[in-house]
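K.L.:
Have a look at this one before I ask anything.
The values are calculated or read from the model by the stated rules, or taken from the named source; none is laboratory data. Because the structure is a prediction, the values reported are computed rather than measured. Cβ sites come from the backbone with ideal geometry, for glycine too, and all protein chains shown count toward neighbours.
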Amino acid sequence: MAAGDISTAAIAAAINTTGNGTPLGWWNQKDAYMKAKGLPITTVTSLLAQDAIDAIKAGKDVELGGGGHRAALVGIAALADGRYAIDVAHDTNQGNAGGTKIERGILDPATGKITGITFWNDANFRNFVIESPVVPIPEPETYALMLAGLATVAVLARRRKAGC
């Protein structure tokens with residue numbers, strides 16, 4: 001998938017979908033798939049709400065899984081009683097137009113339940129999936145080449161100064 005191509009067709013091809021466009025159930029293999037395809041995304045799962053809060057603050061994509069459903073987590077806030085108010089963006093009318101909406105519900109870590117959201121009223125929380133771009137790490141050769149370039153500039157500057 002080209003870096004700038006965010007079309008539905010490109011995304012469907014990258015993530016493998018059924019004939020009606022539903023992503024195949026591959027959440028546990030997603031990170032390996034991205035690496036195998038050379039896609040610059042890392043995928044990690046977490047059970048900790050604080051990880052989701054930190055990821056959203058850092059601009060990362062966070063998905064919430066519970067029951068048999070998964071959706072984009074677009075907001076999360078700790079409540080005084082230890083539960084979390086969660087906002088998810090998802091399709092509440094699966095396979096039909098007009099169902100995408102943002103809904104607010106509650107995640108209770110003590111009971112492991114999600115309530116107040118379509119498909120998730122009293123559903124078991126599974127995990128947060130956090131996706132982020134891979135930050136390229138320069139190879140040692142890159143540093144060596146950069147140092148050689150700086151040394152060349154220094155030598156040329158010294159020669160130019162000596163020639164004045």
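K.L.:
Can you find even one residue in region 109-119 that is free of Cβ contacts under 8 Å to residues at least 24 places away in the same chain, surrounded by 10 or more Cβ atoms within 10 Å (Cβ to Cβ) and closer than 21 Å to LYS57 by Cβ?
P.N.:
No, region 109-119 has no match at all.
K.L.:
Shifting gears a bit: Among the residues that make up region 28-39, is at least one of them touching a Phe, Trp or Tyr at 6+ places or on another chain (Cβ under 9 Å) and modelled with pLDDT of 70 or more?
P.N.:
yes
K.L.:
Can you pull out every residue in region 68-93 that is basic (Lys, Arg) and touching a helix residue (DSSP H, G or I) at 6+ places or on another chain (Cβ under 9 Å)?
P.N.:
ARG70, the sole residue that qualifies.
K.L.:
Touching a strand residue (DSSP E or B) at 6+ places or on another chain (Cβ under 9 Å), touching a residue at least 60 places away in the same chain (Cβ under 8 Å) and within 25 Å of VAL134 (Cβ to Cβ): does that describe GLY59?
P.N.:
Working: touching a strand residue (DSSP E or B) at 6+ places or on another chain (Cβ under 9 Å): yes; touching a residue at least 60 places away in the same chain (Cβ under 8 Å): no; within 25 Å of VAL134 (Cβ to Cβ): yes.
In short, no.
K.L.:
Here's another thing I want to ask about it. Return the only residue of ASP108, ASP81 being touching a Lys or Arg at 6+ places or on another chain (Cβ under 7 Å) and modelled with pLDDT of 85 or more.
P.N.:
The match here is ASP108.
K.L.:
Where in region 50-164 are there strands (runs of 3 or more DSSP E), lying wholly inside it, with at least 3 residues that are within 30 Å of LEU39 (Cβ to Cβ), of a type in the set (A, V, I, L, M, F, W, C) and touching a Gly at 6+ places or on another chain (Cβ under 7 Å)?
P.N.:
Of the strands (runs of 3 or more DSSP E) lying wholly inside region 50-164, those with at least 3 residues that are within 30 Å of LEU39 (Cβ to Cβ), of a type in the set (A, V, I, L, M, F, W, C) and touching a Gly at 6+ places or on another chain (Cβ under 7 Å) span 123-133.
Residue-wise test of (1) farther than 25 Å from LYS30 by Cα; (2) at pLDDT 85 or above; (3) not small (Gly, Ala, Ser).
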position	(1), (2), (3)
GLY65	no, no, no
GLY75	no, yes, no
GLN94	no, no, yes
PRO136	no, no, yes
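K.L.:
Restricting the first residue to region 87-103 and requiring it to be among the acidic types (Asp, Glu), which pairs with a second residue that is assigned to a strand (DSSP E or B) meet a Cβ separation below 7 Å and a spacing of at least six or different chains?
P.N.:
ASP87/VAL74; ASP87/GLY75; ASP87/ILE102; ASP87/ARG104; ASP91/THR100; GLU103/VAL88
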